[in-house]
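Take a look at the structure below.
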Amino acid sequence: MQGHGTYERKRPAGMRIRRWYCRACRITFSAHPDCTASRVSDTLEGIEAVAAHAAAYGMAAAARMFRASHADPVSAWRFVRRRCDWVSDLLWILRGLTETFFGMEPTLAGLRVHLGPEVGLRDLRGVCSGDLPCLPHPVGFRPPPAPSGSQRGPPTGNGNGSGSPGG
């Protein structure tokens with residue numbers, strides 16, 4: 001691996017993230033601190049706050065609370081919906097991933113009942129550290145599905161000795 005520069009995150013403002021390049025895989029990746037969400041320009045606490053507010057007060061209230069500066073209420077609602085979906089999907093996956101989460105209600109409240117009242121998305125990085133490559137964003141590092149017909153990751157070769165899929 002070799003250094004590949006840095007970039008500035010939108011949130012938290014001013015935070016710079018180091019990028020690395022793996023020659024063998026021919027990919028770059030970031031070294032994020034545990035407070036930042038993967039593949040999203042937000043913190044895990046920010047995503048959790050939106051999802052918790054929506055669970056407690058409803059989607060419309062969360063959209064007004066967290067996206068009040070946006071003129072378009074539809075985009076504000078989508079912002080909240082995406083964060084709620086990410087959290088819900090993650091918690092459903094955790095239930096089937098390991099016995100630690102077996103029987104947990106797939107909600108933030110269920111997570112706190114199961115692991116403790118102070119546990120949040122940021123804490124899951126430590127609890128699930130061995131499973132982060134297979135967990136989806138914003139907590140895990142699993143890449144999103146590739147569009148149909150595209151290739152992700154290093155080339156696999158096709159037996160012609162060139163090392164590339166096409167020849």
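Quick one: would you say V87 is touching a residue at least 40 places away in the same chain (Cβ under 8 Å) and touching a helix residue (DSSP H, G or I) at 6+ places or on another chain (Cβ under 9 Å)?
Numbers: touching a residue at least 40 places away in the same chain (Cβ under 8 Å): yes; touching a helix residue (DSSP H, G or I) at 6+ places or on another chain (Cβ under 9 Å): yes.
In short, yes.
Note down all Cβ pairs under 6 Å where the first residue falls in the stretch 111-133 and is closer than 17 Å to P143 by Cα, the second is open to solvent by less than 70 Å² (accessible area, probe 1.4 Å) and not acidic (D, E), and they're at least six residues apart or on different chains.
Every condition considered, the pairs that remain are D131/L97; L132/G140.
The values are calculated or read from the model by the stated rules, or taken from the named source; none is laboratory data. Keep in mind that what you see is a predicted model, and the values were worked out from it rather than measured. Reconstructed Cβ throughout: ideal geometry from the backbone, glycine too, with neighbour counts over all protein chains shown. The protein model used for the area step is the full one, side chains on, heavy atoms only, and it has no ligands, DNA or RNA in it. Shrake-Rupley method; radii C 1.70, N 1.55, O 1.52, S 1.80 Å.
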